[in-house]
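Enquirer: One structure follows; several queries about it will come next.
The values are calculated or read from the model by the stated rules, or taken from the named source; none is laboratory data. On a predicted model such as this, the values are computed, not experimentally measured, just so you know. Cβ: placed from backbone, ideal geometry, glycine included. Neighbour counts: every protein chain shown. Note: areas computed on protein heavy atoms with side chains; ligands, DNA, RNA excluded. Shrake-Rupley method; radii C 1.70, N 1.55, O 1.52, S 1.80 Å.
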Amino acid sequence: MVWYGLGDEDYDRKYSDKVLIQRVLPYFNPFKKKLLLVIGCLFCSALLGSLVPFIGDLILNGKDNQTLLIVFLVGLFLLTGLTYILNYVQWSNSSKIIGDLILNLQKDAHKAVLNQDMAFFDKYPVGKLLSRINSDTTSFADMANILMESSSSLLVVIIIFIPMFIFNWKLALIVLASFPLVLITALSFRKAARKRSLQGQQALSNVNAFVNESMSGIQVMKTFRQEKKMYEQFNEVNAQSFRVNLRRALLLNFIFPTLTLIQGIVIAAVAYFGGILSSQNLYLFIQSIWLLFFPLFSISAFWPQFQSGLSAAERLFSLIDAEREVHQTQENICVIQEGAIDIDNLTFGYKENSNIFDTFCLNVKPGESLAIVGHTGAGKSSLAKILGRYYEFQEGTITMDGVDIRDFDLECLRSQIGFIPQTPFLWADTLENNVKYGKLDATKEEVMDALELAGGSDWVEDLPHGLETDVGERGKVLSMGQRQLVAFARILLKDPRIFILDEATASVDPFTETRIQEALEQTLQGRTSIIIAHRLWTVRKVNRIIVLENGKIVEEGNHEELMRQGGKYADLYNTYFKHQSLEYIEEIGKIKTMVE
Amino acid sequence: MTFQGKELEIPPDYYEKGVEFGLEEDPFLRVRKKGSSRWIIKHLFHKSNKFLVIFWLIFMITSTIAFSQLVVMLGDAVDYVITNFGNIFDPSIYKGLIRYVLLILAWGIIRPVLGMVGNFSRELLAQRMERDGRHEFYLNLLGKSQNFHDQQQVGEIMARTADDVRMLNYMVSPALALIGEAIASLVIPIVTIALKYPPQLAIIPTAFLIFLIFYVQKYFKRLGPVTRDLRTNFGEMNSVLNQTLSGIEVVKGLTLEEHETKKYLSKTRAYRDALIRQGIIEAKYLPILMMSLIVVIGLGHGILINLGYIPTSHSLEIGGIIGYVSLLVSLRRPTFISLWTFQVMRYAKSASERLLEMMNEEAEKLDTSRGKSLEIKGKVTFENVSFIYPKSKNAVLKNLNFEVLPGQTVAIVGTTGSGKTTCTKLVSRLYDVTTGEILIDGRSLQEYTLESLRSQISYIEQDVFLYATTIFENISFGRVSSMDEVVKAAKDAQAYDFIMKYPNEFQTKIGEGEDSVQLSGGERQRIAIARAFISNPKILILDDSTSAIDSATEDKIQHAMQKVAEGRTTFIITHRLSQIRWADKILVFKRGEIIAQGTHKELLKTSEEYRKIFLKRFDVPLEVLIKEDA
């Protein structure tokens, strides 16, 4: 059996019950009045509910007095009407409370997660965060609901007991004696039930994982005719889920019959002792036992859910309380005019004691285009991400136009920087909206212009609905190349002062690439740009190239100068750029003839 | 398709894929078209399930009878105690008391035991419903066309296969079971009342029962739109959040946090509103009021009889009233049960509607009636081929004409979105042409069975998909291959060296997780090439867009591709000039049309578009390019 990661995350913490309650309570604050109303209603209807057998008892004992009888019956009538109204008020209000509670929790969790820096997302997979924000909030709310209901049930138990003790304390004690039995039964199932439930969830998540994989790779499955194999694997996973969940269900099915068994025994005992003690209030007692066991059943039935609600709350607050690493010291409005970047004595590492940069210095002049080249792991992407404040650096200063980047308002700073990551990301939304994410209030014309600038927009017209075409999950309706064009158009629309490009060579055809290059050349005019270069064309055109090695600049200059030096850059050229040159292409012809 | 040596084509009335796997006829095909209720009922009574239903019903009814016996016994016992007030310790009377107590105890034990047996068969039924529903749904998904799958979000499919199918389980257990129990514990007490007490006492509870039946129908209808909204909203919440988190880097880069939170909140608000709407519908549940009222009325009725105001054939003692009222009170539980079980039933119906909606979409129906299993040599001809995606108006491919000889390598180039990939997908019939014809070895594609066609064509896609299993499995891909074969394929694909660098070598797992490795684009591509060596196709289609990070990798991929293309008809969709330059034939695509075709040398002379790439990219005069080639 495959167990999918169910362990704790690094940001998980254990809250003591006290702390947990302190964290939970503020969420109920906005609903104080409603909550009081709900509890009031619950209490009143419990009180009224327990009056019913009592009055019934009175009626039966005093049935010969007619006026009294009519008064009692009418009273009972009114009582039930009142109970219904109370029930309505309580139910509709508690569903409002629950609905708003979920909403507020989800809002807080969502905000907290989006405010995390990239280091956080590097560590924790989307699927798990997703289930915390969406599912844990709902199971927490379930718990709140159960809490309200079972507190009222508990109230009922207490209220029922009072008259029982008044009328016949001996019989009441006999009934009370059954309570530990009920509790022990319910609790003894708890551990096994939780274990089986967990296994059930795991089996279902196996199904989920399997469906995810086989559906993502459906095309491979079809072209390689793997349907039968997939089908067989599915049957295994499905059968496992069947077995595990059946075992769980069978176990849980012992609880209720066991409880009803206890109920039966208690009733027999009451009938016996009631007979012996010649109780006049036997009716009251027997009615009360039915009423008593109802809340007891529901409390013990919901116990596992209650537990999982508590742990959901814990998981949720761990997420909300997770510390972020990127801290801004001030929130100045960021207006970058010149685009000068100064990096002074920068020290940075993703983990302690393994620094990528150590006292790193770099000046970028306003309007300069700078290419960074170097082997994998030299720190190229890290540098780009530090500038965009995706990660916190440990020491040194970075200034833009002379102002420390930690002093800017974070959003304001990012709005001035155009960052294009290596892999383009698209939302399952229309093409138009996907471009508009660069500038939310852009017009259709602006969108078309940006697309036109980003390598031409002919292809847009060929889509089934042009700009209105839904591009599908992650843009899967579009080809990889088209997705890159959209990401590029987005940044053009954003029109930032500083460009940071993690250049992706892949996926764009040579035609389009030539057009993008022309567009880039125009756009970058007069703007500061830092390009992690993979294209031969880029290194030939930029003002300055820096060669990074282990977080240090080992060479700098333009393409011709560096080639002439014949140092590290010349090596890198042979490793990374040569295959894009004409000489190389002609050489391949020789390989081909060799193979043949 | 062949199954157990027999040539088998899939008739439309079967599981689209099931027959191929040796299953019998699809028993649910017709009922799927008839709506969710019919479909659910068919599942409930499918094969041995019906015995479980009967078994469960029997035990449920007997345990409810046991329960009302218990209640009646109690009433009798109370009567007995009251009539024998004061002399309870008289041996004969005491004996009578003991008899009552033992009877109560017996029913108190028999009832849960019977209930438990019933519950077991019910649980088995519930789990089977989930298993079989999921089986049917997944089988259906396997039979859907590529076009269908292109339009789906995997998250949505997952939600349906896992959560919606589970609703079938909840529907049986506890919902349907509780409804059964509720019906039994509504009817049996009433029957008991009619038999044991003055029959007129049954009037009030019967009226209540009729009221309940009508009310529940209305309630069920009222809940319909709300539960549908809840399920759809939850799905949307999931997919919005999923996307935000997957694209978090972009969200931050474009400072869209607030926008994304707003978007998410609009979905959660809709969810909250639906939740409240549901709460209010439940809060208004009238039977709860009626239930309490009939207890009061019943009590009054009983007293009136007892006092002789209403004439009856039977007399009614205090104990009788207690027994009667207890039976009325016992209607309380089924009433409460009906409140939320019908809500669960409604969820199950909404979920089934979502399942059926997807299953009833058209399955992959390719005409293979003329199909034969034929060996392919590798000549491919496109004759006036045009293609329009279903549900779309714009032609993606217009009037394509070209011919490729066996063993040739064809490079397909063109602007992004010009139809290159779609063109190659037509060859293996992932989609069928709209007009025109594609011929292989001079025969129309329809003359091949799907099996013989696809088994001789290999396709290496743009973003290579690998399964989260070992490298060995990913290369051998289900075909029984010895380690030697896999090693040879890996070597030919230039993948051997990097595979051997991992400690587990060919047994290294791919994917996320502690003991798994993540492969780079170039490495994934070479695994896919190795896969193609094993399947040894006559026609190979390479959708090659992976970037080589460095010249050394590029070199390796070049070698691998040269080798794998040897002796096969090869289509390469490529951005690599090194491949375009050396192909036997180049097709230049623009907006769904072939605007030029020929060799590199020819195209440099004839095609302006083609010339542009080379001149612009390399800053070399045209004469030099042509001369060098000459």
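Enquirer: Would you point out which residue out of A:Asp495, A:Asp470 is modelled with pLDDT of 80 or more, open to solvent by 10 Å² or more (accessible area, probe 1.4 Å) and at negative phi?
Expert: A:Asp470
Enquirer: Hey, another quick one. Which ones in segment B:153-163 are more than 7 Å from chain A (Cβ to nearest Cβ) and open to solvent by 30 Å² or more (accessible area, probe 1.4 Å)?
Expert: Once the filter is applied, which keeps residues that are more than 7 Å from chain A (Cβ to nearest Cβ) and open to solvent by 30 Å² or more (accessible area, probe 1.4 Å), segment B:153-163 yields B:Gly155, B:Glu156, B:Asp163.
Enquirer: Mind listing whichever residues of segment A:87-106 are closer than 25 Å to A:Asn134 by Cβ and in contact with a Lys or Arg (Cβ under 7 Å, 6 or more places away or on another chain)?
Expert: Correct list: A:Asn93, A:Lys96, A:Ile97, A:Gly99, A:Asp100, A:Ile102, A:Leu103.
Enquirer: Being modelled with pLDDT of 85 or more, within 9 Å of chain A (Cβ to nearest Cβ) and either touching a helix residue (DSSP H, G or I) at 6+ places or on another chain (Cβ under 8 Å) or open to solvent by 10 Å² or more (accessible area, probe 1.4 Å) (or both): is that true of B:Arg166 here?
Expert: yes
Enquirer: Give the residues of segment B:83-102 that are surrounded by fewer than 19 Cβ atoms within 10 Å (Cβ to Cβ) and in a helix (DSSP H, G or I), sorted by residue number.
Expert: B:Thr83, B:Pro91, B:Ser92, B:Ile93, B:Tyr94, B:Lys95, B:Gly96, B:Ile98, B:Arg99, B:Leu102 - these are the residues of segment B:83-102 that are surrounded by fewer than 19 Cβ atoms within 10 Å (Cβ to Cβ) and in a helix (DSSP H, G or I).
Enquirer: Can you pull out the residues in segment A:446-466 that are touching a residue at least 12 places away in the same chain (Cβ under 8 Å) and touching a Phe, Trp or Tyr at 6+ places or on another chain (Cβ under 8 Å)?
Expert: Those that are touching a residue at least 12 places away in the same chain (Cβ under 8 Å) and touching a Phe, Trp or Tyr at 6+ places or on another chain (Cβ under 8 Å): A:Ala454, A:Gly455.
Enquirer: Condition first: open to solvent by less than 10 Å² (accessible area, probe 1.4 Å), more than 12 Å from every other protein chain (Cβ to nearest Cβ) and within 27 Å of the chain's Cα centre (by Cα). Now tell me which residues in segment B:169-192 satisfy that.
Expert: B:Met171, B:Ala175
Enquirer: Is it the case, given these coordinates, that A:Glu468 is more than 7 Å from chain B (Cβ to nearest Cβ), among the charged types (D, E, K, R) and touching a Ser or Thr at 6+ places or on another chain (Cβ under 6 Å)?
Expert: Spelling it out, A:Glu468 is indeed more than 7 Å from chain B (Cβ to nearest Cβ), among the charged types (D, E, K, R) and touching a Ser or Thr at 6+ places or on another chain (Cβ under 6 Å).
Enquirer: Could you check, for segment B:302-321, whether at least one of its residues is open to solvent by 10 Å² or more (accessible area, probe 1.4 Å), more than 19 Å from B:Ile203 (Cβ to Cβ) and either at pLDDT 85 or above or in contact with a Phe, Trp or Tyr (Cβ under 7 Å, 6 or more places away or on another chain) (or both)?
Expert: no
Enquirer: For residues in segment B:128-147 being open to solvent by 10 Å² or more (accessible area, probe 1.4 Å) and not basic (Lys, Arg), which is nearest to the other protein chains (Cβ to nearest Cβ)?
Expert: B:His135
Enquirer: I'd like the full set of residues that are within 16 Å of A:Lys385 (Cβ to Cβ) and modelled with pLDDT of 85 or more, limited to segment A:343-363.
Expert: Listed by number, the residues that qualify are A:Ile343, A:Leu346, A:Thr347, A:Phe348, A:Phe357, A:Phe360, A:Leu362.
Enquirer: Pull up segment A:58-84, narrow it to residues that are more than 9 Å from every other protein chain (Cβ to nearest Cβ) and not in a helix (DSSP H, G or I), then point me to the one that is farthest from B:Ile294 (Cα to Cα).
Expert: A:Asn65
Enquirer: If A:Gly367 passes every condition in (1) within 25 Å of A:Gln522 (Cα to Cα); (2) in contact with a Phe, Trp or Tyr (Cβ under 8 Å, 6 or more places away or on another chain) but one, which one does it miss?
Expert: (2)
Enquirer: I need the full set of residues from segment B:304-338 which are assigned to a loop (DSSP other than H, G, I, E, B) and either more than 10 Å from chain A (Cβ to nearest Cβ) or more than 53 Å from the chain's Cα centre (by Cα) (or both), in order please.
Expert: B:Leu307, B:Gly308, B:Tyr309, B:Ile310, B:Pro311, B:Thr312, B:Ser313, B:His314, B:Ser315, B:Leu316, B:Glu317, B:Leu331
Enquirer: Among the residues in segment B:247-260, are any hydrophobic (A, V, I, L, M, F, W, C) and in contact with a strand residue (DSSP E or B) (Cβ under 9 Å, 6 or more places away or on another chain)?
Expert: There is at least one residue in segment B:247-260 that is hydrophobic (A, V, I, L, M, F, W, C) and in contact with a strand residue (DSSP E or B) (Cβ under 9 Å, 6 or more places away or on another chain).
Enquirer: Here's a follow-up. Residue under question is B:Leu195, and the condition is that it be open to solvent by 10 Å² or more (accessible area, probe 1.4 Å), farther than 29 Å from B:Ile310 by Cβ and more than 13 Å from every other protein chain (Cβ to nearest Cβ); does it hold?
Expert: It is false that B:Leu195 is open to solvent by 10 Å² or more (accessible area, probe 1.4 Å), farther than 29 Å from B:Ile310 by Cβ and more than 13 Å from every other protein chain (Cβ to nearest Cβ).
Enquirer: Under 26 Å from A:Gly264 (Cβ atoms) and of a type in the set (D, E, K, R), is that true of B:Lys95?
Expert: yes
Enquirer: Show me the strands (runs of 3 or more DSSP E) entirely contained within segment B:384-486 in which 3 or more residues are more than 21 Å from B:Ala565 (Cα to Cα).
Expert: Those strands (runs of 3 or more DSSP E) span B:395-404, B:435-440.
Enquirer: Then there's this: For the list (1) within 23 Å of A:Pro295 (Cα to Cα); (2) surrounded by fewer than 14 Cβ atoms within 10 Å (Cβ to Cβ); (3) among the aliphatic types (A, V, I, L, M); (4) modelled with pLDDT under 80, I need the number of the one condition that A:Leu36 fails.
Expert: The failed condition is (4).
Enquirer: Whether any residue in segment B:234-247 is surrounded by 17 or more Cβ atoms within 10 Å (Cβ to Cβ) and either among the aromatic types (Phe, Trp, Tyr) or away from chain A (no Cβ under 14 Å) (or both) is what I want to check.
Expert: yes
Enquirer: Same structure, new question: Can you find a residue in segment B:548-569 that is buried (at least 19 other Cβ atoms within 10 Å of the Cβ), farther than 30 Å from A:Gly466 by Cβ and modelled with pLDDT of 80 or more?
Expert: Checked against the condition, which is being buried (at least 19 other Cβ atoms within 10 Å of the Cβ), farther than 30 Å from A:Gly466 by Cβ and modelled with pLDDT of 80 or more, segment B:548-569 yields at least one hit.
Enquirer: For segment B:371-394, what are the residues that are of a type in the set (Gly, Ala, Ser) and either under 15 Å from B:Ile595 (Cβ atoms) or more than 10 Å from chain A (Cβ to nearest Cβ) (or both)?
Expert: B:Gly371, B:Ser373, B:Gly378, B:Ser386
Enquirer: Right, something else. Output the helices (runs of 4 or more DSSP H) that fall wholly within segment A:85-202 and possess 2 or more residues being touching a Ser or Thr at 6+ places or on another chain (Cβ under 6 Å) and more than 12 Å from chain B (Cβ to nearest Cβ), or say none.
Expert: A:137-167
Enquirer: Something else: Scan segment B:583-595 and give yes if some residue there is outside any helix (DSSP H, G or I), over 24 Å from B:Lys377 (Cα atoms), acidic (Asp, Glu) and open to solvent by 10 Å² or more (accessible area, probe 1.4 Å), otherwise no.
Expert: Yes, because at least one residue in segment B:583-595 is outside any helix (DSSP H, G or I), over 24 Å from B:Lys377 (Cα atoms), acidic (Asp, Glu) and open to solvent by 10 Å² or more (accessible area, probe 1.4 Å).
Enquirer: Quick check: anything in segment A:407-426 crowded, with 23+ Cβ neighbours inside 10 Å and over 27 Å from A:Thr538 (Cα atoms)?
Expert: Scanning segment A:407-426 turns up at least one residue that is crowded, with 23+ Cβ neighbours inside 10 Å and over 27 Å from A:Thr538 (Cα atoms).
Enquirer: Can you go through A:Gln263, A:Gln287 and tell me which one is modelled with pLDDT of 75 or more and either under 30 Å from A:Ile405 (Cα atoms) or assigned to a helix (DSSP H, G or I) (or both)?
Expert: The match here is A:Gln263.
Enquirer: Any residue that is at negative phi, in contact (Cβ under 8 Å) with a residue 24 or more places away in the chain, open to solvent by 10 Å² or more (accessible area, probe 1.4 Å) and in contact with a Ser or Thr (Cβ under 6 Å, 6 or more places away or on another chain) - is there at least one of those in segment B:336-348?
Expert: Yes, that holds for at least one residue.
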